[in-house]
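Structure first, then comments.
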Amino acid sequence: MDLIVRNATLPDGRTGLDIAIRGGRIVEVAPRIAATAPEEIDAAGNLVTPPFVDSHFHLDATLSYGLPRINRSGTLLEGIALWGELKPLLTHEAVIERALKYCDWAVARGLLAIRSHVDVCDDRLLAVEALLDVKRQVAPYLDLQLVAFPQDGLFRSPHALANLKRALSLGVEVVGGIPHFERTMADGTESVRVLCELAAEKNLRVDMHCDETDDPLSRHIETLAYQTQRLGLGGRVAGSHLTSMHSMDNYYVSKLIPLIKEAGVAAIANPLINITIQGRHDTYPKRRGLTRVPELLAAGVDVAFGQDCTMDPWYSLGSGDMLDVAHMGLHVAQMTSVEGMRACFRAVTETPAKILGLQGYGLDIGCNGDLVVLDAANPIEAIRLRAARLAVVRRGKIISRSPAAHAELNLPGRPARADFRLNSRA
Ligand SMILES: [Zn+2]
């Protein structure tokens, strides 16, 4: 054995298990494994999970907060305009440096797979080439999946379609889109058709920014489900954001959700960003803007939560912590039942892994030797505490360690230490 994790509790509640890794793969999961290994981790009853997965991010824009200025209105449209100001100023080296720094943060948070959109509307394809470089550099410790994203509109931006095809030929592997940003509803509909046909022809996955608006009549998700079903792309297509569903008529949604399910389209909500950007034109009451997560889940649709932005033209906070994302999703969608809270944990682990099509993900025998030991007893406590990642393991090697969170107290008649845990270690 190369590494054994002792006395783990798994996300499904099984406890007292050892996990043995050899040759980069999990070879045994059982109580008290007799073998020894040069490296062992005592999980001490803590939660051990497969790594976090972010199904929606923008690595080309990340950590650029304040460049060249700050988004004053906080809206999506000012963010897009601001990104347009920054784009001509980008350099290959600076994009790589910021992206690598974010990947360091991700690893420290146990986030070992990211799907990142990359803007293809810059004719130089500078960000595409930079992120392809980053993808190669981080491959030993992080899976980076890139989406060709026509930020300024497939038809609205003059060379977007040609650039998108060039990006795919350079090695970008997912087809993106932004139908709600095209000039007209009709152009948006046509963009979905063209992009889905391109994906079908090239046998690629699709992930579109879709209906990221408060307009209840923005219904490109209907077209995305239709094209997915028509072209047999089920299981390979995701609709990101889908925030207009928050504002849609209930009767229409009662028809729409079964169509999404039938087509095999997954939904990716971005709770931190949706709660911040949507509802900006409202007075009071203000809409939350998050898509209908519990209802989609109840219909059997795969729903993941993404980080989307960290310190960029759209969002001034963020740290690569998918537990932060799950925490916000849980609150905004009011998923406070025990099952709801557990679903929020799955929305940043196994569900996005399925959406990305990650191979060897999980804690079963034969899976990749990738896992995270959390300072928490179970997924709910992990979300509540945004628990410390005590150890992060990739292919059987420890790549990051963090101390447990606690405070030293100085109170009369009280213990010297508060560790925020309620569920004791086993
Ligand atoms: Zn996005």
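The values are calculated or read from the model by the stated rules, or taken from the named source; none is laboratory data. Just so we're clear, the structure is a prediction, and the values are computed from it rather than from any experiment. Methodologically, a virtual Cβ is constructed for each residue, glycine included, from the backbone with ideal geometry; neighbour enumeration extends over all protein chains shown. Calculation scope for accessible area: heavy atoms of the full protein, side chains included, ligands and nucleic acids excluded. Shrake-Rupley method; radii C 1.70, N 1.55, O 1.52, S 1.80 Å.
Per-residue Karplus couplings for segment 365-376, computed as 6.51 cos²θ - 1.76 cosθ + 1.60 with θ equal to phi - 60°, are listed in order as 4, x, 6, 4, x, 10, 7, 10, 9, 9, 7, 7 Hz, Gly and Pro entered as x. Projecting the Cα atoms of T351, A333, S400 onto the charge dipole of segment 313-426, computed from C-beta unit charges around the Cα centre, puts S400 farthest toward the positive end. Mean-square fluctuations from a GNM of the chain, with a 10 angstrom spring cutoff on Cα atoms, peak among L111, L390, L67 at L67. The phi torsions of segment 255-266, fed into the Karplus equation with coefficients 6.51, -1.76 and 1.60 and a -60° offset, translate into couplings of 8, 5, 4, x, 5, 4, 4, 4, 6, x, 8, 8 Hz, rounded to whole numbers, with Gly and Pro shown as x.
Just report the Cα centroid separation between segment 135-196 and segment 280-313, whole Å. Result: 22 Å between the Cα centres. Of the residues F305, G289, I4, the one whose Cα sits farthest toward the positive end of the charge dipole of the chain, with +1 on the Cβ of Lys and Arg and -1 on the Cβ of Asp and Glu, is I4.
Put simply, the amide H of S400, placed in the peptide plane, has neighbours under 5 Å in V392, leaving out anything fewer than 5 places away on its chain. Using a cutoff of 8 angstrom between alpha carbon atoms and counting only pairs six or more residues apart, the relative contact order for the chain works out to 19 percent. A simple count of charges around R69, restricted to other residues whose Cβ falls under 15 Å of its Cβ and scoring Lys, Arg +1 and Asp, Glu -1, yields -1. Coupling constants for segment 58-68 follow from the phi torsions by the Karplus curve (6.51 cos²θ - 1.76 cosθ + 1.60, θ = phi - 60°), and in residue order they are 10, 6, 6, 9, 5, 6, 9, 3, x, 9, x Hz; glycine and proline get x.
Between L409 and H331, the simple label model (points 7 Å from Cα in the Cβ direction) yields a spacing of 2.5 nm. The packing ranking, built from the mean of other Cβ atoms within 10 Å per residue, places the peptides 314-320, 204-210 in the order 204-210, 314-320, highest first. Under a 5 Å amide H cut-off, with hydrogens placed 1.01 Å from N, D42 pairs with R6 among residues at least 5 apart or on other chains. Computed packing ranks the peptides 44-51, 412-419, 329-336 as 44-51, 329-336, 412-419, most packed first, by mean other Cβ atoms within 10 Å.
Sorted on the mean count of surrounding Cβ atoms within 10 Å across their residues, most packed first, peptides 349-356, 240-247, 18-25, 270-277 read 240-247, 270-277, 349-356, 18-25. Taking a straight line from the alpha carbon of K261, these lysines sit under 16 Å away, with near neighbours fewer than eight places off in the same chain left out: K354.
Near S240, the amide H atoms lying under 5 Å from its own belong to M208, H209, C210, I268; only residues 5 or more places off or on other chains count, and H is placed 1.01 Å from N.
Summarise the accessible area of the chain (1.4 Å probe, protein heavy atoms) by the percent that is carbon and sulfur. Carbon plus sulfur share of accessible area: 53 percent. Compared with the direct C-alpha span, the chain from D133 to D42 gains 29.1 nm at full extension, assuming 0.36 nm per residue.
Can you give the % of DSSP beta bridges in the chain that are antiparallel, to the nearest 5? Roughly 40 percent of the beta bridges in the chain run antiparallel, per DSSP.
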